[in-house]
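The values are calculated or read from the model by the stated rules, or taken from the named source; none is laboratory data. Everything numeric in this text was worked out from a predicted model, so none of it was measured. Virtual Cβ from ideal backbone geometry, glycine too; neighbours counted across all protein chains shown. SASA here: full protein model, heavy atoms, side chains in, ligands and nucleic acids out. Shrake-Rupley method; radii C 1.70, N 1.55, O 1.52, S 1.80 Å.
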Amino acid sequence: MTEAKLEAWLEETRSFPPSAAFAKQANAQPSIYAEADADSVAWWRTQADRLVWHKEPTKTLEWDIPFAKWFSDGELNASVNCVDRHVDAGKGDKVAFHWVADAEGESRTITYADLQKLVAQASHALTELGVKKGDRVAVYMPMIPEAVVAMLAIVRLGAVHSVVFGGFSADALSSRILDSDCQFVVTADGAFRRGTAAPLKPAVDEALKSCPNVKAVLVVKRTGGDVEWTQGRDHWWHEIVAKQKTEHTPEYFPAEHTMFIMYTSGTTAKPKGIFHTTAGYLTQVATTHYYIFDVKAETDVCWTAADIGWITGHSYIVYGPLINGVTQIMYEGLPDSGGKDRWWKIIEQYKATILYTAPTTIRTLMKWGEEFPKSHDLSSLRLLGTVGEPINPEAWIWYRENIGAGKCPIVDTWWQTETGAIMATPLPGITATKPGAAMRAFPGISIDVVDNEGNSVGDGEGGYLVITKPWPSMTRGIYGDPERFKETYWSRFAGKYFAGDGAKRDDDGDIWLLGRVDDVMNISGHRLSTTEVEHALVGHPSVAEAAVVGASDDLTGQAIVAFVTLKLSADEQMKDQAPIIEELRVHVSKVISPIARPRQIILTPELPKTRSGKIMRRLLRDVAENRQLGDVTTLMDPTVVNMISGLMGSDDSE
Ligand code: WT7
């Protein structure tokens, strides 16, 4: 995109001023930025008062780049902070979770008092199985309340959870168990997805063939399917947990005690074990949840539509919301379990006030059509959030208009597994919002956009997103590999955390995330973001989803290859493709510039996505460049890749 085009595009962008109605009752006041800026370390110390401490910290930050310690001489218990404190404060009868099953009509209501009892019992059971402070425990579970209970019980004992998404394969599970030497696994017999019982336990059995150090497996009965049983190693949850005492006396741990590990894919095949410690993490998840989602514990019903197998589930289903004592919806199924309006039914039934989800899901819901949300009363909603990837303005506007009735503020929250909590976002009632922009750093967080040399770029310019000061919930490293931690995040720009994302500041100085920098293309010396081309394609009325990669090209350095899903059935997609392909090429040339005109457009009924819903661009790049395909263990449906490889030859253009 040329400078002029970029400017034109940014100028066209709409800006929504902060809602005055919202501002009146907002948790955050406009002075919050200045207050935090005046002394961000002191500001975070004040925020740490959201936690209940066994021993108050006297220290705040110790910074030995790139290793931070926050509140290091304080002592606390994470599970007490999420559960016991609310019961102690007389709020035991408040609903913590409305759990909604995959099957319509099945649900559970769990109050904070219920949760306290369940966590106490699970803590005793884990102790009986031999779990001690510092031990790593893998959690491989569907979206059922026991998953949250297990996490809280593990941290209550000072053990470390490593939640592995229930959709991962046995291989992925065993490599994660081995990497952090987990000696215990909590799992379920199976999971329900769109009414079908899918087994989970066989994957554990398979994985454990190569994990001799695993001593005990705790199994929740969810589907009631047949399971193989290893005597002495396997234990039913309902047998060993239910018989335990419902009171548990907690121990207290230092602020920097390791709390959990979460694996995330990097540029190499080996996933990185990102680990987080206790007090800094809890402080930032609680603070961000309070201000960004503007939660009122008495009245809000929060729904983070994510899986606990990802950092979003950890921070904004488990720890942030529970510390803040809110009521939540936890949903087991898929967006169309029981029908394409299932989400809207749930929102209507439980009067959800806050919905937090990912752009890819919003686009799916959008593809299904607005008649589904229209047929339900969504007027309880007052705030919407998005996370995980840059959101295309079309999806943002659709979300605002069709789900948020044109009035709910949308918080586009940028963060990472590594950052632990939200880092860049608008604040509802305070900052303006722009479709597609994360806008600015959260109070107390220092973010910059820098050029290749690490110098700050000016307004209207692009570069790399960096974080210039330590923050409480920052990862304390890659489990067992401090060198890789330094190398990956701290070596690109001296003293700055390199996020791996491209970003730009618009003319107002507001921040836009442009996707991973490994996805930035260079076409004949022009820098183009895959995201921008995708935005353009998705802006065409016939396009449902698009993924764009830069494939190497002898002439132009890189050339654009686009994989596009049309809003048509798979059969219709396969009919006469030439006219629509040409139309899309012209469309992209028009929207961005002729430089952005894709060399090749491949129509495909589906895009390959990770199990967390991210489009696997690396894989598409491999397909586009006819390379041998790399690791596909995180892929939702590996056959999609073969199908797309097969389609490559079918584009008859150029
Ligand atoms: C990467 C981190 C944070 C929880 C889910 C993802 C991308 C995340 C946004 C956003 C643009 C975003 C970035 C980031 N990303 N949120 N609001 N706008 N991009 O966690 O799997 O660790 O992925 O997701 O590229 O680096 P993750």
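Cross-link check: pairs Lys132/Lys215; Lys132/Lys486; Lys567/Lys614; Lys351/Lys434 evaluated at a Cα-Cα cut-off of 23 Å; pairs beyond the cut-off: Lys132/Lys486; Lys351/Lys434. For region 33-47, backbone phi angles converted through the Karplus equation (6.51, -1.76, 1.60; θ = phi - 60°) give residue-by-residue couplings of 5, 5, 4, 5, 5, 4, 7, 5, 5, 5, 4, 5, 4, 5, 5 Hz, Gly and Pro being listed as x. Between Ala432 and Glu251, how high is the FRET efficiency from 1/(1 + (r/R0)^6) when r is the Cβ-Cβ distance and R₀ = 45 Å? Nearest 0.05. Given R0 = 45 Å and the Cβ-Cβ separation, E is 0.45. Per residue, the Cα convex hull of region 363-413 amounts to 71 Å³. Listed by chain and number, the aspartates and glutamates placed with their C-alpha closer than 19 angstrom to that of Lys69 are Asp39, Asp49, Glu56, Glu256, Glu418, Asp481, Glu483; residues fewer than eight positions away on the same chain are left out.
Gyration tensor over the Cα atoms of region 446-515: the corresponding equivalent ellipsoid has semi-axes (square roots of 5 times the eigenvalues, largest first) of 24, 12, 10 Å. Across the protein chains, with a 1.4 Å probe defining accessible surface, the residues Lys24, Lys296, Lys340 rank Lys24, Lys340, Lys296 from largest area downward. Hull volume per residue, based on the alpha-carbon atoms of region 239-381 and their convex hull, is 188 Å³. Taking every DSSP helix (H) stretch of at least 4 residues in the chain, weighting each as -39,500 (n - 2.57) and dividing the sum by the residue count yields a mean residue ellipticity at 222 nm of -7500 deg cm²/dmol. For the pair Glu625 and Asp73, label points projected 7 Å from Cα toward Cβ lie 5.3 nm apart. Distance between the modelled labels on Gln231 and Glu487, one decimal in nanometres: 4.8 nm (7 Å Cα→Cβ projection). Rolling a 1.4 Å probe over the protein chains gives Asp553 an accessible area of about 40 Å². By the gyration tensor of its Cα atoms, with a ≥ b ≥ c the square roots of the eigenvalues, what is the shape of region 90-205: rounded for a/c under 1.5, prolate for a/b over b/c, or oblate? It is oblate, given that a/c is not under 1.5 and a/b is not larger than b/c. A simple rule links phi to the HN-Hα coupling: the Karplus curve 6.51 cos²θ - 1.76 cosθ + 1.60 with θ = phi - 60°, which for region 90-104 gives x, 9, x, 7, 5, 6, 8, 9, 8, 8, 10, 6, 4, 7, 5 Hz, with x for Gly and Pro. Size estimate for the chain follows the Kirkwood approach: the inverse of mean 1/r over distinct Cα pairs works out to 25.4 Å. Sequence-ordered 3J(HN,Hα) estimates for region 117-124 from the Karplus curve with 6.51, -1.76 and 1.60 and θ = phi - 60° stand at 5, 5, 5, 4, 5, 5, 5, 4 Hz, glycine and proline given as x. Summed over the residues of the chain and divided among them, the accessible surface reaches 37 Å² per residue at a probe radius of 1.4 Å.
A full extension of the chain between Thr299 and Ser589 corresponds to an added length of 99.5 nm, given 0.36 nm per residue minus the alpha carbon distance. Compared with the alpha-carbon gap, the fully stretched path from Lys407 to Asp507 is longer by 33.5 nm at 0.36 nm per residue.
Straight-line reach from Lys221: which lysines have a Cα under 24 Å away, not including same-chain ones fewer than 8 places off? Candidates past the 8-residue exclusion: Lys117, Lys201, Lys209, Lys243, Lys245. Annotation for Ser210 and Arg14: the two label points, set 7 Å from Cα along the Cα-Cβ direction, are 5.1 nm apart. When you work out D = kT/(6 pi eta Rh) for region 296-368 at 25 °C and 0.890 mPa s, using the Kirkwood radius from C-alpha pairs as Rh and the Stokes-Einstein form, the result is 191 µm²/s.
Here the extension length gained between Lys91 and Val52 equals 12.5 nm, from 0.36 nm per residue of separation less the Cα-Cα distance. What a 1.4 Å probe finds exposed on the chain is 50% carbon and sulfur by accessible area, rounded to a whole percent. Amide H contacts under 5 Å for Met439: Ile511, restricted to partners 5 or more places along the chain or on a different chain, H placed in the peptide plane at 1.01 Å from N. Considering the options Thr488, Tyr319, Ala424, tell which one lies farthest towards the positive end of the dipole of the chain, charges being +1 on Lys and Arg and -1 on Asp and Glu at the Cβ, about the Cα centre. The listed residue farthest towards the positive side: Tyr319. Relative to the longest principal axis of the Cα atoms of the chain, the long axis of helix 278-292 makes an angle of roughly 60 degrees. Taking all C-alpha pairs of region 127-270, those more than 26 Å from each other amount to 21 percent.
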